[in-house]
Amino acid sequence: MNHQIDTLSPWVARWAPLIAAGGRVLDVACGSGRHARALASIGYLVVAVDRDGACVENLAGAPNITAVCADLEGGAWPFRGERYAGVVVTNYLHRPLLPTLVDAVGPGGVLIYETFAAGNERYGRPSNPDFLLRPGELLDAVRGRLRVVAYEDVRTDAPKPALVQRICAVAPAVLG
């Protein structure tokens, strides 16, 4: 089994308790569903979205998970107007979606985001700058909208050496 796919991100595990118990969580670009399954297993109602139909099919029928197959880069945003107690994104970046993802965080909700950062090309894939966050880019994405609880721009060694940015940010209890 692939360690990266089958092991819950420590960043997500650390900050998931900030999501309201039993709340709806959007797992963006869910892949194999590692985060969707883990969050559903502790009582969250998870909407897991990915463009890969096989990934979504793999989650079909899983308790507390609604699996959605959608092209988040080429199609319309399938969750227009919906707000979530938590939005989780790992190992995925499509810059035009950043404002939409922040908008999807409901009152008192939590954004947990972790992906590769500029400089990662020294360690392998991804190496295309389109898929690497620029310094402070996650901070810029939430500035003035969400309160930053934690932010890192670091080198990590597990599951493989990489440069990553990660943020946990919370929306005000009343959105204005």
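Before moving on, here are some points about what is shown:
- Strands (runs of 3 or more DSSP E) contained entirely in segment 79-176, each with at least 2 residues that are closer than 24 Å to CYS69 by Cβ: 84-90, 105-116
- Whichever residue in segment 56-70 is loosely packed, with under 15 Cβ neighbours inside 10 Å and in a loop (DSSP other than H, G, I, E, B) and, among such residues, is modelled with the lowest pLDDT: ALA60
To keep it simple, each residue is scored yes or no on (1) at pLDDT below 95; (2) out of contact with any Leu (no Cβ under 9 Å at 6 or more places or on another chain); (3) aliphatic (A, V, I, L, M); (4) within 25 Å of GLY22 (Cβ to Cβ).
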{"site": "GLY75", "(1), (2), (3), (4)": "yes, yes, no, no"}
{"site": "VAL89", "(1), (2), (3), (4)": "no, no, yes, yes"}
{"site": "LEU101", "(1), (2), (3), (4)": "no, no, yes, yes"}
{"site": "PHE116", "(1), (2), (3), (4)": "yes, no, no, no"}
{"site": "ARG122", "(1), (2), (3), (4)": "yes, no, no, no"}
{"site": "SER127", "(1), (2), (3), (4)": "yes, yes, no, no"}
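- Hits in segment 20-44 (condition: assigned to a loop (DSSP other than H, G, I, E, B) and either over 15 Å from ALA85 (Cα atoms) or of a type in the set (Asp, Glu) (or both)): ALA29, CYS30, GLY31, SER32, GLY33
- The residue of segment 45-55 that is farthest from the chain's Cα centre (by Cα), among those that are assigned to a strand (DSSP E or B) and not small (Gly, Ala, Ser), is LEU45.
- Number of the exception - LEU132 against (1) modelled with pLDDT under 90; (2) surrounded by fewer than 18 Cβ atoms within 10 Å (Cβ to Cβ); (3) under 21 Å from GLY31 (Cα atoms); (4) not small (Gly, Ala, Ser): (2)
- Considering segment 71-91, the residues that are of a type in the set (Gly, Ala, Ser) and within 17 Å of ALA38 (Cβ to Cβ) include one that is surrounded by the most Cβ atoms within 10 Å (Cβ to Cβ), namely GLY86.
- Residue check for ASP103: closer than 20 Å to ARG24 by Cβ and over 12 Å from the mean Cα position of the chain (by Cα): yes
- When we screen PRO107, PRO96, PRO129 for residues that are under 18 Å from ALA171 (Cβ atoms) and out of contact with any strand residue (DSSP E or B) (no Cβ under 8 Å at 6 or more places or on another chain), the only hit is PRO107.
The values are calculated or read from the model by the stated rules, or taken from the named source; none is laboratory data. Since this is a predicted model, take the numbers as computed values, not measurements. Note that each Cβ is placed from the backbone with ideal geometry, even for glycine, and that neighbours are counted across all protein chains shown.
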